[in-house]
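Take a look at the structure below.
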Amino acid sequence: MKIVIAPDSFKGSVTAKQAALAIERGIKTAFPEAETVLVPVADGGEGTSENLVAATNGHLVEVQVTGPLGQSVAAQYGVLGDGVTCVIEVASASGIDLIHPDERNPLKTTTYGTGQLIKQALDDGYRKFILGLGGSATNDGGVGMLQALGIEFKDQSGEEIGFGGGELGRIESINLENFDPRIRESIFLIASDVENPLVGDNGASYVYGPQKGATEQMVEELDRNLTHYADLVKQHTVIRLHDLAGAGAAGGIGGAFQAFFPSETERGVDVVLEYAKLEEHIERADLVITGEGQVDFQTAYGKTPMGVAQVAQKKGVPTIILAGSVGNNIENLYPYGVIGVYSILNRPISLDEAMENAEILLEHAAEQVCRTYFAKSRNAH
């Protein structure tokens, strides 16, 4: 009996690795002789660096950078086991979890630290990058990141603009002369699932601004400012970010990469699963167990459980999903080899209690699901 365990993190509760270990304990309680293969994964958001580094026997490098509100933060980038590929998460330097909820304000938050992380990796000799765009606190169109890498954004009086999405409306000129030349020598693979354009009703500000602390009035200002910025970018690069798919990722960082970097974009989970060699691990497996905190209609649009199930389906292996919370329209997952979606909750409890006990709940759920699945399998034979 071989079971592949490939969960994402249960956000705010357990990491992907902790979740995988908890699921393994549950399986071993039911079937001590089972062969288990742990492949913690992510979809381009938080945990991407850590999981890719672990999957490839790489290492992490810590760098002091400017955080989203200008504070100093200890961020990190990963070096994969090939010694050549560098993986950077926007969340590490410019993430929403780096700010207290009361201080979230996308008019002020900057991606400058992400640019510093890239610059440090360039200084350290890396030219091949994977960028995970999930979890940003920002709505500055990636301007902070570009400033850290040498692009100048000046106002009417010739002064450099300040940090945050609130400053973009002041840009009068963009100067690319001092843009780090090493960028053009590099390759950037953007791991992102976001298809939103930069501006408009489906753009970065309207869709993601509110969860980053933007009021209705701020959303309108941020969208106006991003539109102004996109107008200027078009003048300099001929690239129209306004309605370009993916440009709205991470508050517009997606657009900055599309306009100024030699880059291509892939679905985040596909990038992670390829480097983690999930397809190889699934060979001769009897079952795959994946999961994350919330599973609902959105899961079918490229979230980790969906990506894992698609790889397993190619190999003819069924997938079971464990979730903290199960929402609507999970039937969208069944055509992709998912045979069941189960909540790990075993009784009515508060969110805080569920998050605090997530490992125990995962362990128990995995044990029960495996007992049921393999009992039915044996009876079928």
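The values are calculated or read from the model by the stated rules, or taken from the named source; none is laboratory data. Source: prediction; values computed, not measured. When we count neighbours, we look across all protein chains shown, and the Cβ atoms used for this are built from the backbone with ideal geometry, even at glycine.
Among the listed residues Ala214, Ala148, identify the single one that is under 29 Å from Gln298 (Cβ atoms) and of a type in the set (Gly, Ala, Ser). Every option except Ala214 fails the conditions. Among residues of segment 362-376 being among the hydrophobic types (A, V, I, L, M, F, W, C) and touching a residue at least 24 places away in the same chain (Cβ under 8 Å), the one that is nearest to Ala30 (Cα to Cα) is Cys370. Sort out which residues of segment 171-186 are touching a residue at least 60 places away in the same chain (Cβ under 8 Å) and part of a helix (DSSP H, G or I), and write them in order of number. Hits for segment 171-186 are Arg182, Ile183, Arg184. Within segment 132-155, can one find any residue that is among the aromatic types (Phe, Trp, Tyr), within 27 Å of the chain's Cα centre (by Cα) and modelled with pLDDT of 95 or more? No, the conditions are met nowhere in segment 132-155. Residues in segment 32-75 that are in a strand (DSSP E or B) and among the charged types (D, E, K, R) were compared, and the one that is nearest to Glu279 (Cα to Cα) is Glu35.
The C-beta contact set for segment 219-239 (first residue at positive phi, second residue surrounded by 17 or more Cβ atoms within 10 Å (Cβ to Cβ) and modelled with pLDDT under 95, distance under 9 angstrom, 6+ apart or interchain) is empty. Residues in segment 59-70 that are without any contact (Cβ under 8 Å) to a residue 24 or more places away in the chain and either buried (at least 21 other Cβ atoms within 10 Å of the Cβ) or of a type outside the set (A, V, I, L, M) (or both) were compared, and the one that is farthest from Gly162 (Cα to Cα) is His59.
Quick grid of which residues meet (1) more than 18 Å from Ile3 (Cβ to Cβ); (2) among the hydrophobic types (A, V, I, L, M, F, W, C):
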position	(1), (2)
Val326	yes, yes
Gly337	no, no
Ser343	yes, no
Glu353	yes, no
Ala358	yes, yes
Glu367	no, no
Cys370	no, yes
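The one condition from (1) more than 30 Å from Val269 (Cα to Cα); (2) touching a Gly at 6+ places or on another chain (Cβ under 9 Å); (3) not charged (D, E, K, R) that Ile171 does not meet is (2). Residue selection: Thr29 satisfies the criterion of being assigned by TED's automatic domain parsing to the domain that holds Ala300, of a type outside the set (Phe, Trp, Tyr) and in a helix (DSSP H, G or I). Of all residues in segment 85-106, exactly one satisfies the criterion of being over 16 Å from the mean Cα position of the chain (by Cα) and crowded, with 24+ Cβ neighbours inside 10 Å, namely Pro106.
Restrict the check to segment 154-162 and report whether at least one residue is touching a residue at least 40 places away in the same chain (Cβ under 8 Å) and either out of contact with any Asp or Glu (no Cβ under 6 Å at 6 or more places or on another chain) or of a type in the set (A, V, I, L, M, F, W, C) (or both). No, every residue in segment 154-162 fails to be touching a residue at least 40 places away in the same chain (Cβ under 8 Å) and either out of contact with any Asp or Glu (no Cβ under 6 Å at 6 or more places or on another chain) or of a type in the set (A, V, I, L, M, F, W, C) (or both). Scanning segment 2-26 for residues that are in contact with a helix residue (DSSP H, G or I) (Cβ under 7 Å, 6 or more places away or on another chain), part of a strand (DSSP E or B) and farther than 26 Å from Ala91 by Cβ returns Ile3, Val4. Inside segment 130-152, can you point out the residues that are surrounded by fewer than 24 Cβ atoms within 10 Å (Cβ to Cβ), of a type in the set (A, V, I, L, M, F, W, C) and not in a loop (DSSP other than H, G, I, E, B)? The one that is surrounded by fewer than 24 Cβ atoms within 10 Å (Cβ to Cβ), of a type in the set (A, V, I, L, M, F, W, C) and not in a loop (DSSP other than H, G, I, E, B): Ala148.
So which of Ile289, Ile320 is within 19 Å of Tyr334 (Cα to Cα), assigned to a strand (DSSP E or B) and in contact (Cβ under 8 Å) with a residue 60 or more places away in the chain? Within the list Ile289, Ile320, the selection yields Ile289.
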